Amino acid sequence: MLDTDTSTGPNEEWGGTGGQSYFAAPAVTLIANGGTGGGNGNFNYQANGANGSPGTASGGTTNTTGGGNAGGSGAGPIVGYYGGNGGRGGFVSRTWNWFDPGAPVAGSSYALITGGGGGPSRFYVYSPPATGGANASATMSWT
């Protein structure tokens, strides 16, 4: 996002935060949080917007902050000033062996929720425009 008015400057407005994704297993909940939105740049203050923070993850054997899907891009350019990019979402992964304590049980039902990508700021934008973040994705497999 890029602000061209004479308001308070860069980072007065932020893009939307991505949604949380989770898998509710019997003994643990796997959580991947969306990244936060980037801040607006400001032409009059000649300043770029700050990038958003990456999303965190927890509950997995692998928890990677910022390892998930991409946040949206900031708008620009106008004399080289851009809005900040949204932070990447978190990434969580867990592998169970068939008879591990708390492992999912074949034939049972579990909640798998994938969050939506955060939206761009409401500020007026130039070309290319700010974009919303990518929606979460999930992969489950049995071997």
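The table for this structure:
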{"quantity": "Against the rule of thumb 2.2 N^0.38 Å, how large the Cα Rg of the stretch 26-143 comes out", "calculated": "1.37"}
{"quantity": "Cα Rg, Dmax, the stretch 1-83, angstrom units", "calculated": "16.4, 54"}
{"quantity": "Normalised contact order of the chain, rounded percent, pairs of Cα under 8 Å and 6 or more residues apart", "calculated": "31 percent"}
{"quantity": "Among 132-140, 35-43, 99-107, 87-95, the order from most to least packed when residues are scored by Cβ within 10 Å on average", "calculated": "35-43, 87-95, 132-140, 99-107"}
{"quantity": "Contour excess over end-to-end distance, with Cα ends at ALA27 and THR114 and 0.36 nm allotted per residue", "calculated": "29.4 nm"}
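Since every read-out is calculated from the coordinates, none of them should be taken as a lab result. Computed from a predicted structure; not experimentally measured. All Cβ positions, even for glycine, are placed from backbone atoms using ideal geometry, and neighbour counts span all protein chains on display.
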